[in-house]
Amino acid sequence: MNGLPISIVFFFLILLERSAHKESRERELEGLRNEAAQAQASAAQVRDRQGFIDMLTHELQNPLSTIRFAVRSLQRAVVGHDDAGRHLHSINASVKQAVEFIEHVALMSRIETMETPGRMMTVAAGELVRDCLADCPESERFRLQADASATFLVDYQLMTVLIDNLISNALKYSPSGSLIEIVVSAHGDRTRFTITNDVSPDRLPDRSRLFERFYRHPNVLGVPGSGLGLSVAQLSAERLGATIEVQVDEAKVSFTVEAVS
């Protein structure tokens, strides 16, 4: 009989432990259910946002295309009328900037909603860069040095978006006619893409804000641009598992992308 009270105490302790464990498991399950519900709600919001942006992009591009067509027609009709020609040129530049902004917003939204990159493939890094340069204006301003052995293991389209935006940035903000250098080099299991352009002292960017959305140096506001190109480049690098760094000195700006080879 002496052991009976002790046995009863142990029995109740075991019951209390099991009850506490059950309550703990129920709280964990409830927490998981709440997280799943929040994730579903967040996914639905993302889909709704993407659908709205796609609709807005489509609805805005149609009238803007009509305006650009009308401007081109008017430009041909006012040849010799300098004042009218200048006004139409200004309108055309503004429309072009609006189109670029819309495209960047739509592109950024698609990349943000991308959980993982598309099909990863090994591509010759130098050839990928040459393909990007072939489609850009003023390609004669670029000097490319590329290791023949350098490769990228990437989503081809996403890497193209990244490089295209860095090329466009160099063209816009370097002095007219200046040389832009691109170096592609292999470093073990990584490949580096570095693009360097001159920059006027009065246009030196704030290094800490370069990847900030809509950031533009006050002295380049007259240059057409959306202020989103470098944000798109950085976001693309993140989705690819690549890194992107910037170096700013007194006369040059360099961007270096490092990705798996």
Exercise for the section: Would you mind stating whether residue 239 is in contact (Cβ under 8 Å) with a residue 24 or more places away in the chain, closer than 30 Å to residue 114 by Cα and assigned to a helix (DSSP H, G or I)? Expected result: yes
Handout entry: Restricting the range 50-74 to residues that are of a type in the set (A, V, I, L, M, F, W, C) and modelled with pLDDT of 75 or more, the residue that is nearest to residue 214 (Cα to Cα)
Key = 67
Handout entry: Count - residues of the range 161-184 that are in contact (Cβ under 8 Å) with a residue 12 or more places away in the chain and surrounded by fewer than 16 Cβ atoms within 10 Å (Cβ to Cβ)
Key = 5
Handout entry: Subset of the range 205-219 (residues that are closer than 12 Å to residue 248 by Cα and in contact with a helix residue (DSSP H, G or I) (Cβ under 9 Å, 6 or more places away or on another chain))
Key = 205, 210
Fill in the blank from the handout: When the range 214-233 is checked residue by residue, the ones that are in contact (Cβ under 8 Å) with a residue 60 or more places away in the chain and of a type outside the set (Gly, Ala, Ser) are 224, 228, 230, 232
Practice task
Filter the range 192-224 down to residues that are at pLDDT below 90 and in contact with a Lys or Arg (Cβ under 6 Å, 6 or more places away or on another chain), then give me how many there are.
Solution key: 5
Fill in the blank from the handout: Only one of 211, 255 is surrounded by 15 or more Cβ atoms within 10 Å (Cβ to Cβ), part of a strand (DSSP E or B), assigned by TED's automatic domain parsing to the domain that holds residue 162 and of a type in the set (A, V, I, L, M, F, W, C), namely 255
Exercise for the section: Using the structure shown, decide if residue 223 is of a type in the set (Val, Ile, Thr) and surrounded by fewer than 14 Cβ atoms within 10 Å (Cβ to Cβ). Expected result: yes
Fill in the blank from the handout: Looking across the range 216-261 at residues that are among the acidic types (Asp, Glu) and over 11 Å from the mean Cα position of the chain (by Cα), the single one that is farthest from residue 153 (Cα to Cα) is 250
Problem - Considering residues of the range 75-122 that are surrounded by fewer than 14 Cβ atoms within 10 Å (Cβ to Cβ), more than 24 Å from the chain's Cα centre (by Cα) and assigned to a helix (DSSP H, G or I) only, the residue modelled with the lowest pLDDT - result: 89
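The values are calculated or read from the model by the stated rules, or taken from the named source; none is laboratory data. This is a predicted model, so every value here is computed, not measured. Positions of Cβ are generated from backbone atoms using ideal geometry, with glycine treated the same way; all protein chains shown enter the neighbour counts.
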